[in-house]
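Heads up: the structure comes next, in structure tokens.
The values are calculated or read from the model by the stated rules, or taken from the named source; none is laboratory data. Predicted, not measured: the structure shown is a model, and the values here were computed from it. Reconstructed Cβ throughout: ideal geometry from the backbone, glycine too, with neighbour counts over all protein chains shown.
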2 protein chains.
Amino acid sequence: MQDKLTLMIPGPTPVPERVLKALGKHPIGHRSQEFQQIVKRTTELLKWLHQTNGDVLTITGSGTAAMEAAIINTLSQGDKVICGENGKFGERWVKVAKAYGLDVTTIKEDWGKPLDPEKFKSILDKDDEIRAVIITHSETSTGIINDLKAISRHVKAHRNAIIIADCVTSLGACNVPMDEWGIDVIASGSQKGYMMPPGLSFVAMNENAWEASKRSNLPKFYLDLQSYKKSIDKDSNPFTPSVNLYFALEESLSMMKDEGLSSIFNRHKRHMNATQEAMKSMGLDLFAKDGFGSPAITSVEPTGLDAETIRKTVKVNFDILLAGGQDHLKGKIFRIGHLGFVNDRDIITAVAAIESALDQLNELKKPLGTGVATATKILNKQSN
Amino acid sequence: MQDKLTLMIPGPTPVPERVLKALGKHPIGHRSQEFQQIVKRTTELLKWLHQTNGDVLTITGSGTAAMEAAIINTLSQGDKVICGENGKFGERWVKVAKAYGLDVTTIKEDWGKPLDPEKFKSILDKDDEIRAVIITHSETSTGIINDLKAISRHVKAHRNAIIIADCVTSLGACNVPMDEWGIDVIASGSQKGYMMPPGLSFVAMNENAWEASKRSNLPKFYLDLQSYKKSIDKDSNPFTPSVNLYFALEESLSMMKDEGLSSIFNRHKRHMNATQEAMKSMGLDLFAKDGFGSPAITSVEPTGLDAETIRKTVKVNFDILLAGGQDHLKGKIFRIGHLGFVNDRDIITAVAAIESALDQLNELKKPLGTGVATATKILNKQSN
């Protein structure tokens with residue numbers, strides 16, 4: 001049906017009406033006092049979301065712009081770095097690092113398995129010259145959550161290295177206490193836990209990161225975070241920002257503040273649990289290693305079936321958009337996004353839609369209703 | 001009055017309701033066929049606007065991102081380039097070029113005076129090694145239009161150089177026939193002639209520019225136009241684009257197509273003429289050298305008066321936002337933006353508001369009504 005789409009992909013995620021209304025307002029001058037107030041308020045709320053006293057800078061750009069900014073502002077050509085790679089976004093870190101001539105050691109795991117913190121420790125212990133450890137927290141392509149806290153602890157024990165994390169699909173979905181865990185740089189994007197359309201991205205920098213930035217010699221201009229820092233201290237931006245997305249940002253962050261961090265994290269956990277258990281109860285395998293499923297995305301591997309056929313059936317019959325597998329996982333997995341502006345109704349309908357699609361395709365292995373019953377039980381038991 | 005603001009700054013410019021409505025729609029998946037259709041249609045319309053058969057690539061970012069992309073995709077470290085500099089955006093070109101280690105020769109003119117094409121010719125004639133000439137077409141900070149056509153002609157006569165132009169406030173305001181004039185790279189931004197909020201920028205590349213890109217060795221990732229080119233050929237984007245701004249882009253470009261290029265250019269010319277003559281008739285000096293006023297912005301130098309006081313009075317009494325002077329021109333000039341979604345009513349009210357402000361400040365040198373009468377006469381005589 002036209003205009004009836006429900007997004008259950010890991011980004012763009014659904015956007016509340018309040019946020020869309022704010023987005024659709026007439027723009028104002030980006031050098032006006034009124035806009036400065038918006039910059040000031042959103043900056044405070046961004047610090048709250050990141051649980052940091054450091055800086056959070058807003059860039060007009062995709063999440064990849066924030067990832068690149070994280071690297072080119074803290075490192076120099078030839079710097080030794082370790083990149084964790086167990087999915088498409090881990091691969092992207094490696095590509096960005098190599099594009100700038102960094103000396104990259106890659107710690108790989110199979111897609112669907114988490115990074116092993118001990119492997120990071122063993123390389124860090126042996127090499128004083130490592131300048132950064134760069135990882136993806138929630139790997140969007142596979143639905144894995146990596147142990148950022150443990151890896152960060154190993155980096156903290158090192159003399160020179162900082163830790164840079166892509167928290168694009170973990171921030172606003174689970175606890176990422178930047179200061180407590182000692183994460184030096186966090187990159188994120190607006191179309192995820194922020195409950196906003198894409199177009200803004202964010203780089204959080206602590207004191208260590210700024211210290212590292214002093215020796216960084218990689219060329220940059222638009223993504224030079226020193227200019228953003230100078231501007232943010234005056235509640236402003238170095239370049240004309242996406243004014244309307246700032247309106248939306250203020251609205252969505254206010255909604256998140258009203259809900260509260262622990263409620264947001266609990267909601268995502270319940271939705272993850274309900275989705276995972278519902279899939280298993282229908283006889284479908286989860287792609288992520290047990291215990292490492294992301295609170296933002298559940299990847300399902302319907303062994304023996306074409307994942308794309310299930311995904312398309314759900315789309316055609318129910319106007320629910322699930323994500324497919326990327327690269328070698330295309331046709332092998334489908335991914336259910338339960339990130340951001342998602343309520344229990346969305347989880348129940350997604351499960352029901354997948355169950356219905358399997359029934360229609362004559363591939364249902366358990367009695368019709370099993371998935372929805374499982375999800376319902378968990379949602380009722382684990383109250384919000 | 002709250003929510004009654006009229007923007008008459010050179011960006012953000014006013015946005016039509018249709019475009020805001022499109023902006024405020026629920027986002028869709030950026031890898032969907034529906035979104036591919038939007039990319040396809042906007043790409044065709046962008047080519048129409050640029051009057052080119054080359055490529056026009058859409059970047060989620062500010063205009064400066066497009067400027068940087070233009071440089072880092074066509075040039076290499078140490079390359080000799082000529083930058084024209086007669087305002088703040090000319091200065092920005094120089095800063096970007098130097099940030100990437102280019103060997104920059106600057107051709108300067110005083111702010112308010114146009115670049116001299118002959119000076120470009122004389123350097124080009126003497127030096128075969130020049131790789132690019134980089135200029136600003138409409139210099140937003142001063143309201144000057146530079147002679148891009150003449151400068152481009154001199155570049156075409158050179159063996160090696162390409163021409164890169166910032167057309168941020170000229171595209172969609174006056175004729176910029178990319179292919180006819182042989183402009184190799186054009187950078188522009190959404191919050192200008194496009195009648196959209198800020199957040200998207202555009203880089204147009206012709207065959208010469210792609211040829212130059214083959215030898216470019218500057219490091220890049222987010223702004224690597226080869227990835228955008230590969231994606232656009234599949235009606236897609238390399239990174240998650242600003243989906244909602246794409247909705248707005250399709251709407252605004254359709255409106256522009258309906259109006260037609262010659263009507264758009266004629267409208268801007270009439271508004272420029274009416275504004276310039278109205279200011280002169282009130283005894284106010286224009287800042288731009290005679291004959292070189294931009295069709296997008298009229299800069300006014302109210303000799304003996306504080307420009308900021310006039311600007312603030314207009315804002316407080318009429319909710320019309322004019323732009324002030326930048327850097328050393330602060331307090332010396334104010335700038336009237338008549339770019340994009342501007343009609344005759346906007347011109348008349350801006351003139352009336354300035355006239356009223358001068359009257360209230362007891363600084364009116366001519367009978368009250370002179371400015372509005374002058375503007376009205378010109379608008380009536382030069383029909384749309």
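Quick one: which of A:227, A:236 is modelled with pLDDT of 95 or more and within 17 Å of residue A:65 (Cα to Cα)? Steps first, please.
Numbers: A:236 fails: within 17 Å of residue A:65 (Cα to Cα).
Every option except A:227 fails the conditions.
In segment A:14-24, the residue that is surrounded by the most Cβ atoms within 10 Å (Cβ to Cβ) out of those that are touching a Phe, Trp or Tyr at 6+ places or on another chain (Cβ under 7 Å) and under 19 Å from residue B:199 (Cα atoms) is A:23. Filtering segment A:25-52 down to residues that are more than 19 Å from residue A:191 (Cα to Cα) and within 21 Å of the chain's Cα centre (by Cα), which residue is surrounded by the most Cβ atoms within 10 Å (Cβ to Cβ)? Among those that are more than 19 Å from residue A:191 (Cα to Cα) and within 21 Å of the chain's Cα centre (by Cα), it is A:52. Here A:257, A:280, A:289 are screened, and the one residue that is basic (Lys, Arg), modelled with pLDDT of 95 or more and over 19 Å from the mean Cα position of the chain (by Cα) is A:280.
Residue A:138 passes every criterion in (1) free of Cβ contacts under 8 Å to residues at least 60 places away in the same chain; (2) over 20 Å from residue A:217 (Cα atoms) apart from (1). Counting only strands (runs of 3 or more DSSP E) wholly contained in segment A:103-172, the ones carrying 1 or more residues that are buried (at least 24 other Cβ atoms within 10 Å of the Cβ) occupy A:130-136, A:162-166. Considering the conditions (1) assigned to a loop (DSSP other than H, G, I, E, B); (2) touching a strand residue (DSSP E or B) at 6+ places or on another chain (Cβ under 8 Å), residue A:186 is excluded by exactly one of them, (1).
Against the test of being buried (at least 22 other Cβ atoms within 10 Å of the Cβ) and not β-branched (Val, Ile, Thr), the options B:340, B:331 yield a single qualifying residue, B:340. If the condition is being buried (at least 22 other Cβ atoms within 10 Å of the Cβ) and not small (Gly, Ala, Ser), then segment A:252-263 contributes only A:253. For the subset of segment B:174-183 comprising residues that are in contact with a strand residue (DSSP E or B) (Cβ under 8 Å, 6 or more places away or on another chain) and outside any loop (DSSP other than H, G, I, E, B), which member is farthest from residue A:63 (Cα to Cα)? Across segment B:174-183, the extreme among qualifying residues is B:174.
Could you tell me how many of the residues in segment B:189-241 are assigned to a loop (DSSP other than H, G, I, E, B) and either within 22 Å of residue B:98 (Cα to Cα) or out of contact with any Ser or Thr (no Cβ under 8 Å at 6 or more places or on another chain) (or both)?
Qualifying residue count, segment B:189-241: 12.
Could you grab me the full set of residues in segment B:149-199 that are of a type in the set (Gly, Ala, Ser), under 18 Å from the mean Cα position of the chain (by Cα) and more than 19 Å from residue B:15 (Cα to Cα)?
Once the filter is applied, which keeps residues that are of a type in the set (Gly, Ala, Ser), under 18 Å from the mean Cα position of the chain (by Cα) and more than 19 Å from residue B:15 (Cα to Cα), segment B:149-199 yields B:152, B:165, B:187.
Looking at A:247, A:265, just one residue is assigned by TED's automatic domain parsing to the domain that holds residue A:91 and either assigned to a helix (DSSP H, G or I) or over 25 Å from residue A:147 (Cβ atoms) (or both), and that residue is A:247.
Identify all residues within segment B:241-279 that are within 14 Å of chain A (Cβ to nearest Cβ) and touching a strand residue (DSSP E or B) at 6+ places or on another chain (Cβ under 7 Å); write none if there are none. Don't jump to the end; show me each part of the working.
Applying the first criterion (within 14 Å of chain A (Cβ to nearest Cβ)) to segment B:241-279 yields B:241-249, B:251-252.
If the condition is that a residue be within 14 Å of chain A (Cβ to nearest Cβ) and touching a strand residue (DSSP E or B) at 6+ places or on another chain (Cβ under 7 Å), then B:241, B:242, B:245, B:249 are the ones that fit.
Within segment A:217-239, is even one residue facing another protein chain (nearest Cβ under 7 Å) and of a type in the set (Val, Ile, Thr)? No; the residues of segment A:217-239 include none that is facing another protein chain (nearest Cβ under 7 Å) and of a type in the set (Val, Ile, Thr). Scanning segment B:260-315 for residues that are of a type in the set (Asp, Glu) and either more than 20 Å from residue B:12 (Cα to Cα) or out of contact with any Gly (no Cβ under 6 Å at 6 or more places or on another chain) (or both) turns up B:277, B:285, B:290, B:301, B:306. Filtered by the rule that a residue be touching a residue at least 12 places away in the same chain (Cβ under 8 Å) and of a type in the set (Val, Ile, Thr), segment B:309-326 gives B:309, B:310, B:313, B:314, B:320.
Here B:157, B:150, B:165 are screened, and the one residue that is closer than 18 Å to residue B:183 by Cβ, outside the structural domain of residue B:290 (by TED's automatic domain parsing) and in contact with a strand residue (DSSP E or B) (Cβ under 7 Å, 6 or more places away or on another chain) is B:165.
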